[in-house]
Structure formats: structure tokens, C-alpha cells
1. If each DSSP helix of 4+ residues adds -39,500 (n - 2.57) and the sum is divided by the residues in the chain, what number results at 222 nm, nearest 500 deg cm²/dmol?
2. Quick query: amide H of S251 versus all other amide H atoms, modeled in the peptide plane; which residues come in under 5 Å with a sequence gap of 5 or more or a different chain?
3. Under 5 Å between amide H atoms, partner at least 5 residues away or on a different chain: which partners does A67 have, H built in plane at 1.01 Å?
4. Within a 10 angstrom radius of the beta carbon, how do R281, R235 rank from fewest other beta carbons to most?
5. Report, in degrees rounded to the nearest 10, the 0 to 90 angle that the Cα long axis of helix 110-120 makes with the longest principal axis of the chain.
6. Exceeding 29 Å between C-alpha atoms, which entries from my cross-link table qualify? They are K17/K277; K127/K217; K87/K127; K52/K217; K127/K237.
7. For the chain, which span is the longest to avoid every loop-located (per DSSP) member of chymotrypsin sites (Phe, Trp or Tyr not before Pro) having at most 15 other Cβ atoms inside 10 Å?
8. How would you classify the stretch 1-107 from its alpha-carbon gyration tensor, with a ≥ b ≥ c the square roots of the eigenvalues: rounded for a/c under 1.5, else prolate if a/b is greater than b/c, otherwise oblate?
Amino acid sequence: MEHTKTLAHISCEDVFKIYKVADLEVVALRGLDLEVERGEIVAIVGASGSGKSTLLNILAGYDLPSAGKVSVLGRDLLSMNSAEVEKYRRTEVGFIWQQTGRNMFPYLTAIENVELPMMLIGEVSAKRRQRAEELLELVGLSDRMSHAQDKLSGGEQQRVAIAISLANNPPLLLADEPTGELDDATANEVMQVFESVNKELRTTILIVSHDQDIAYKVDRVVLIRDGKLSTEIIRYKSDKQESQTETAGDSTELEEFVLVDGSGRVQVPKPLLDHLKIGRRAKIRIDNNGVILEPGDADK
Ligand SMILES: Nc1ncnc2c1ncn2[C@@H]1O[C@H](COP(=O)(O)OP(=O)(O)O)[C@@H](O)[C@H]1O
Ligand SMILES: [Mg+2]
């Protein structure tokens with residue numbers, strides 16, 4: 001794989017973001033590394049305050065990192081001028097907010113909302129209407145096109161949001177807790193819309209969530225802890241026929257990995273450290289099968 005490495009869609013290398021509030025510094029991202037391939041759906045899962053929105057805002061061109069490298073389809077986001085950033089936001093990336101109300105203008109109908117981003121880049125009227133219809137059909141809202149926001153449920157509003165974000169055919173969608181305000185069943189439906197968008201349009205999709213159950217719905221989940229990615233969970237569709245243990249439908253196996261960053265650092269999950277009674281110092285040794293981490297003497 002190393003030899004035939006193709007251009008990643010998203011590449012973050014040792015990204016830091018420090019917010020300065022009065023005399024205080026908040027480190028929201030601390031050395032984050034992330035690669036997302038073209039056409040992937042990836043979820044980033046982490047507790048509130050772990051840096052998820054900070055990362056998405058940087059990838060959307062709304063904010064700049066304090067240090068590190070960020071590139072999207074090989075373009076360095078830090079070196080774009082304001083006109084390039086503007087164009088990037090309009091055509092290269094679609095964004096979906098958690099707050100359903102933030103994604104659309106309340107006084108416009110669903111179809112008018114989807115047409116709006118196309119108007120901003122000067123698309124002609126007939127084309128706008130046709131594409132907006134196609135997109136609303138794709139998200140399953142053919143029968144809600146002329147509804148305004150107050151006539152749409154939360155789930156329907158998020159579907160409109162997905163259609164709006166796709167208006168100018170961006171190769172990348174970023175969604176910040178898109179199902180955070182929805183009940184489980186509706187959240188599932190919205191996740192299925194993301195899946196079908198990914199399949200139909202081959203859009204790369206990065207979804208942020210605080211709900212680890214999303215791991216069962218996308219192929220790859222990365223856990224973010226204190227501004228750094230720590231663990232990755234890969235979902236396999238297994239085709240084993242273990243008839244006794246499995247119910248109907250496809251079976252899913254999750255495999256969990258610890259991430260090793262460019263400096264060889266790994267984050268050991270806190271519960272594991274507590275369980276092993278590892279404090280500030282640990283002993284590391286090599287065993288036949290790998291590396292063993294044990295409490296240092298002083299911690300025993
Ligand atoms: N504009 C800001 N100014 C100061 N601190 C911020 C700002 N935005 C986020 N933070 C802080 O950065 C950290 C990460 O925040 P955020 O990226 O919003 O996390 P999440 O989306 O995972 O909840 C938090 O400690 C938060 O308080
Ligand atoms: Mg957030």
C-alpha cells in the first residue's frame with residue numbers, strides 16, 4: 001500500500017489549534033493526524049470539548065490551525081488567500097450543522113434553499129431547478145419540495161441540509177453532529193441518506209459525533225480524545241455463515257486499533273491505565289508477540 005499511495009482527500013499532519021481567551025490559552029487540537037481517502041465515509045467520535053468542531057471548522061475553511069499541515073485534495077488550506085477560501089467553501093466542501101435550524105433559511109421553501117448556493121455561483125435558473133429536484137429526490141424528499149422549514153420535521157430538515165450542502169456538487173461533505181438533535185430512528189434514516197449520497201455521488205463524507213454507536217453505520221470510526229486521535233475502529237462486513245449466532249441481515253465485525261502518530265506516540269485509554277494501575281511512569285518491554293506496558297516500580 002505504501003508504494004502506490006494515491007492522493008488523500010483530507011490530510012492533517014500534526015495539527016494544533018490554540019484559542020486565546022483573554023490571558024488563557026485553550027489547546028483544542030494537539031498534534032492531530034488524519035488521512036481520509038477519496039470516497040470514504042469516516043466518523044470522528046469524541047466527548048464534548050474534545051476538538052471535533054474545531055477540526056471541522058478548519059477543514060471547512062472557517063478557521064486556521066495554529067500549527068501543522070492541512071491539505072484537501074493536495075491543496076494546502078493554510079496558503080489560500082481570501083478569494084480562494086471563498087471559492088473553496090462554495091464549491092469544494094459542503095457543511096451540515098447540528099442545529100437543524102441553522103442549515104436553511106426559514107422563509108424559503110426546501111427547493112429554494114437548495115437552489116440558493118447555485119445562485120451564488122451564477123448557475124442559470126433552469127439548471128438550478130433541475131439539480132435541486134434531483135438532489136431532493138436523492139435525499140427522499142420529492143414530496144416536500146415546496147415546504148418551508150416550519151412544515152418539515154427535524155429529520156426532513158437535515159435531509160434538506162444534505163441536499164443544500166450538495167448543491168454545487170462538492171467532492172467533500174463535512175457534518176457536525178448532524179443527528180445530534182434527532183431521535184434514534186430518525187438519526188438512522190439520516191445516516192442512510194449519507195450512505196446513499198456516498199454511493200451515488202461518490203462524495204467523501206466526514207461526520208462528527210459524540211455517539212459511538214455510529215461505529216455500526218460507517219466503515220471507519222476514529223476516536224478523538226483531548227484534541228488528538230487515539231483509536232480507530234474498522235467495520236468489516238463478514239460473510240461468514242455463523243448461522244447459530246446471527247440473525248438475518250448482514251453481520252458486522254468491529255476491529256479496534258490504537259493509533260501511532262508520526263513521533264511514535266500512542267494514547268493508552270485512561271480506563272486501561274487505571275485498570276493496570278499505571279501512573280506517570282511505566283515500563284515497556286518487548287515480548288515475542290509485541291510490546292508489554294507495565295506499571296513502573298514507583299507506581300506499584
Ligand atoms: N472560539 C473558541 N474560543 C475559545 N475556546 C474555544 C473556542 N472554540 C472551542 N473552544 C474550546 O476548544 C475545545 C474544543 O472545542 P470543540 O472543538 O468545540 O469541541 P467539540 O466539538 O468536540 O465539543 C474546548 O475546550 C472548547 O471550550
Ligand atoms: Mg462540537
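Please treat every number below as a calculation from the coordinates, not as lab data. It should be emphasised that the depicted structure is a prediction, and the values quoted were computed from it without experimental measurement. Here the Cβ positions follow ideal geometry from the backbone for every residue, glycine too, while neighbour counts run over all protein chains shown.
1. -8000 deg cm²/dmol
2. S238
3. Amide H neighbours of A67: F16.
4. The order, fewest Cβ neighbours first, is R281, R235.
5. So the helix axis and the longest Cα principal axis differ by about 80 degrees.
6. Checking Cα-Cα distances, K17/K277; K127/K217; K127/K237 exceed 29 Å.
7. After excluding every exposed loop site, the longest remaining stretch is 108-300.
8. Since a/c stays below 1.5, the shape of the stretch 1-107 is classed as rounded.
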